[in-house]
Amino acid sequence: FHPSLPSHADHAWAASHAPLGSHMLAFELDSRDAVNRFFGRLEKITFCPSLGDASTTVSHPASTSHRTFSQEELGAADISEGLVRMSVGLENVAELVKDVDRALGS
């Protein structure tokens, strides 16, 4: 889910406000177990309940920032148990891609 993609509902707004894109992204895994496995396999990227650092971090909104939401509220906000948020830092891109690929079991 990234507003720089033309298919995103907020693409036009994002393009006008952040023409160079953003370092924040989110992607969906199948389940909370898949999220836990992914986080457990990351070697370079660290878990952080709050995003924003010079280092790349990942977060699980359903158990951190939105943990007080009911299932209905999570659904209304499009936050599933498989949602991962990533804030990309200043590390070498190839190392980050390798870490994500390894953690996803690619």
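Some points to look at:
- Accessible area of the chain belonging to carbon and sulfur atoms, whole % at 1.4 Å probe: 55 percent
- Calculated [θ] (222 nm, deg cm²/dmol) that DSSP helices of n ≥ 4 give over the chain, each run adding -39,500 (n - 2.57): -9000 deg cm²/dmol
- Taken about its Cα centre, the chain carries a charge dipole of about 220 debye when Lys and Arg each add +1 at the Cβ and Asp and Glu each add -1 at the Cβ.
- DSSP-loop chymotrypsin sites (Phe, Trp or Tyr not before Pro) across segment 15-102, with at most 13 other Cβ within 10 angstrom: none
- GNM result for the chain, Cα springs below 10 Å: residue of SER31, SER80, SER16 fluctuating most strongly: SER16
- Antiparallel DSSP beta bridges within the chain, percent to nearest 5: 80 percent
- Of ARG32, ARG67, ARG41, the one that fluctuates the most in a GNM where the chain has Cα springs shorter than 10 Å: ARG67
- Note on ARG41 and ALA15: with the Förster distance fixed at 35 Å, the Cβ-Cβ geometry gives a FRET efficiency of about 0.55.
- Across the alpha-carbon atoms of the chain, the computed radius of gyration and Dmax are 14.2, 39 angstrom.
- Normalised per residue, the accessible area of the chain is 63 Å², obtained with a 1.4 Å probe and no contribution from ligands, DNA or RNA.
- Within the listed set THR68, THR46, THR57, the Gaussian network model of the chain (springs between alpha-carbon atoms below 10 Å) gives the highest mean-square fluctuation for THR68.
- Using R0 = 30 Å, the C-beta based FRET efficiency linking GLU72 and VAL97 works out to 0.25.
The values are calculated or read from the model by the stated rules, or taken from the named source; none is laboratory data. A quick note: this is a predicted structure, and the numbers were derived from the prediction, not measured. Because the Cβ atoms are built from the backbone with ideal geometry, glycine has one as well, and the counts that use them run over all protein chains shown. Side chains are part of the model used for accessible areas, which takes the heavy atoms of the whole protein and leaves out ligands, DNA and RNA. Shrake-Rupley method; radii C 1.70, N 1.55, O 1.52, S 1.80 Å.
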